[in-house]
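Comments concern the structure below.
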Amino acid sequence: MASMNMIQAINSAHKVMMARDPDVVVFGEDIGYFGGVFRATEGLQREFGSTRAFDAPISEGGIVATAVGMAAYGLKPVIEIQFADYIYPGYDQIVSEVAKIRYRTAGEWAMPMVIRSPYGGGIFGGQTHSQSPESLFTHIAGLKTVIPSTPYDAKGLLIAAIEDPDPVIFFEPKRIYNGPFDGHHDRPVTPWAKHSASEVPDGHYTVPLGKAAVVRKGEALTILAYGTMVHVALAAVEAQGVDAEVIDLRTLVPLDIATIEASVEKTGRCLVVQEAPRTSGFGAELAALVQERCFYHLESPVERVTGWDTPYPHSYEWAYFPGPKRLKKALEKVMAD
Amino acid sequence: MSDKDPSKLKPNRPQLALHVPEPPFRPGDTPDFLSLNIPAAGEAARPDVTAAPADTHPLTTQLVRVLDDQHQAVDPWDPKLDPDTLRKMLRDMVTVRVFDDRMYRAQRQGKTSFYMKCTGEEAIAVAAAAALTQEDMHFPTYRQQGLLVARGYPLKDMMCQIYSNKGDKLKGRQLPIMYSDKAHGFFSISGNLGTQFPQAVGWAMASAIKGDSRIAMGWIGDGATAEGDFHAGMTFAAVYNVPVVLAVVNNQWAISSFSGIAGAERATFAQRAVGYGIAGLRVDGNDALAVYAAVRWAADRARSNNGPTLIEFFTYRAAGHSTSDDPSGYRPANEAKAWPLGDPIERLKAHLIALGEWDEERHSAFAAEADATVRAAQKEAEKLGILPQQGKDDIGSMFEDVYAEMPWHIAEQRDQAVDEAR
């Protein structure tokens, strides 16, 4: 057991799996000798050699496409897209190929691969280093979409994703790489070392895909969140003194609907929180599912807290980001009637 | 006022002009391909398979040809194949053409939704299949059905896929002719053009990572070389010196767009190898021996870690793009007949006859045999159903194989769909 931040936990997951499975290969832009712009692949090339951890050309389409060929051969590629905002040149390969090959070959070929990518805002990255494009992937049948929010989950989910027989989009909330974020950008960052989920086993373990975590038990309402927003929501709940049940989805597809239903049936109220823009976001799916399945338990309309429907605005980051004020207002609204 | 207002033009500067390429001939024109300057067989030099890429680059503007006008095979590219191999290639090509004709007709008879012929291009897939080993992996386009035929994939199984019937191993999920068969080294065909080209590079990278001896061959058409996937494939192949053979089948037409719309007025497709620093060959795609020789050369080069090769097969799409296409709307009806590289089946047949290893009687007898074989396969396939009868039984199977294990939301939708179909 060691205290790790999310980067160290993700790095450890790579090392564990590369040591266990000779078919795991890792590549992406700057991930080799240098170890990645966020250092998630640090030391892999040194330890496992340059044909198992190597730099790729700046060609996300090529990175995904060659990973398809490798998976078809029988390898398990774990590829890094340097920022989720750069994933779009690979989108055709992901949507038309990665997601569909098992189906269109009736299981003759599978696509076991993990596409890792740092996503989300809160780091003054402007519109090309801050986006939350998860709903573009949750909409695609054949993909699994996973978003961890702690070091422990990041390692366990990444190992589970690498061992999974299907392709997994693994979005890492980069704002919380070094410590949980309470939504108050003007306050100093709390390091992960002070958080219990930074205690990470050194060896192999998994956090199963498709299972949410109830990170705060409560009776007054249910908050559905993932990624950075789990921590922003938790802080807002404490600040407002609301007895909310906070669910960290961890896997968006396949969704842990049973945990969501049980909680909303108990609390009768639901707030959906996402960092991504509002329209057609994953929160819309969550809101629809809750009203379809828990309507007669609801005492107030399902509310959404989201980013705005604009491109990510650099200098207006903190007016854009769904922070404590937006959460406070939404909590008041959900609890009003 | 628009920022494109002509009054704002600077009068002392030349007016810019956009060039939109036009093919040399349109419907009603008399096609004449004299300007192509087809070099004679034997003119192109044959570098050693270990040659530096630059030594191959003169070949990117020439044409590797083996069969001459007297139907003789000439050096330096003559692969010196034995008569049995030549006859097998001829038989496979004839079978492909008969198969295409039967399935085209089946589509016209309403037995399936779609079909694509490879008429005039039979030599390319058939000879490429012969030049690689059965263990090598192809990432084909939809016009390489010859690979499956040459590798002995059952015709009936191809037809069952075309009919989406009970015998379709792809369970009726794929458009006709989008075959897939791992055992025959044939990767699942995609309708999104070009995607398979860099995938072939990835497969070959994996083979090299593992220290395997198998290579991959990636295929693309002239039109789809404009896709980013073509350039990604070329970049990765060059960067990692990947053991892959990359083929551009330049059949002159991408549906109704001639090769100039993909850049062919400026450079040959083979010349793209020059910029990437890999070996490049331009090959007469209607000459089965030249196709075999070039693929074999590139395969030997890849197997000996001398790197990837881009091969342009220069050919002509004699039929329409697909059953949904009518070429009379955009090109002269007799253009295929005027094509100066001839018909690949006639050329190989004439060569075998010149060798004394074949004759008209045997050819007619084999053509009849191929026709009977294809008809018999069709009869067997149709016993398992044709497309209009499909899509009604086992609705639940539609929901399988999206994931290895069916998640709850898909299971719920399956139950709903099954209920809806009751």
Is it true that residue A:259 is among the hydroxyl-bearing types (Ser, Thr, Tyr) and within 14 Å of another protein chain (Cβ to nearest Cβ)?
yes
Selection over segment A:67-89 where residues are in contact (Cβ under 8 Å) with a residue 12 or more places away in the chain and either of a type in the set (Ser, Thr, Tyr) or within 24 Å of residue B:182 (Cβ to Cβ) (or both) yields a count of 13
Among B:255, B:261, the single one that is touching a His at 6+ places or on another chain (Cβ under 8 Å) and away from every other protein chain (no Cβ under 13 Å) is B:255
Within segment A:71-85, of all residues that are closer than 20 Å to residue A:122 by Cβ and assigned to a helix (DSSP H, G or I), the one nearest to the other protein chains (Cβ to nearest Cβ) is A:85
Do the conditions hold for residue B:278, that is, is it within 14 Å of the chain's Cα centre (by Cα) and β-branched (Val, Ile, Thr)? no
How many residues of segment A:113-135 are surrounded by 22 or more Cβ atoms within 10 Å (Cβ to Cβ) and of a type outside the set (Val, Ile, Thr)? The answer is 11
Inset, instruction - For segment B:287-296, indicate whether the set of residues that are out of contact with any helix residue (DSSP H, G or I) (no Cβ under 8 Å at 6 or more places or on another chain), at pLDDT 95 or above and among the basic types (Lys, Arg) is non-empty. - result: no
Within segment B:207-241, residues of a type in the set (A, V, I, L, M, F, W, C) and more than 9 Å from every other protein chain (Cβ to nearest Cβ) come out as B:215, B:217, B:219, B:220, B:224, B:226, B:230, B:234, B:237, B:238
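Conditions tested, residue by residue: (1) in a loop (DSSP other than H, G, I, E, B); (2) away from every other protein chain (no Cβ under 14 Å); (3) aromatic (Phe, Trp, Tyr).
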| site | (1), (2), (3) |
| --- | --- |
| B:76 | yes, yes, no |
| B:99 | no, yes, yes |
| B:127 | no, yes, no |
| B:134 | yes, yes, no |
| B:165 | yes, no, no |
| B:168 | yes, no, no |
Selection from segment B:352-374 of residues outside any helix (DSSP H, G or I) and of a type in the set (Val, Ile, Thr) yields none
Of those in segment A:28-70 that are in contact with an Asp or Glu (Cβ under 7 Å, 6 or more places away or on another chain) and within 10 Å of another protein chain (Cβ to nearest Cβ), the residue surrounded by the most Cβ atoms within 10 Å (Cβ to Cβ) is A:65
Exception for residue B:204 within (1) at the interface with chain A (Cβ under 8 Å from one of its Cβ atoms); (2) outside any helix (DSSP H, G or I); (3) under 22 Å from residue A:76 (Cβ atoms) falls at (2)
Taking segment B:146-175 and keeping only residues that are under 23 Å from residue A:68 (Cα atoms) and under 20 Å from the mean Cα position of the chain (by Cα), one is left with B:147, B:148, B:174, B:175
Scanning segment A:90-106 for residues that are at the interface with another protein chain (Cβ under 7 Å from one of its Cβ atoms) and either of a type outside the set (D, E, K, R) or surrounded by fewer than 21 Cβ atoms within 10 Å (Cβ to Cβ) (or both) gives A:92, A:93, A:96, A:101, A:103, A:105, A:106
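The values are calculated or read from the model by the stated rules, or taken from the named source; none is laboratory data. What you are looking at is a predicted structure, and each value in this text was computed from that prediction instead of being measured. Every residue, glycine among them, receives a Cβ derived from its backbone with ideal geometry; neighbour counts consider all protein chains shown.
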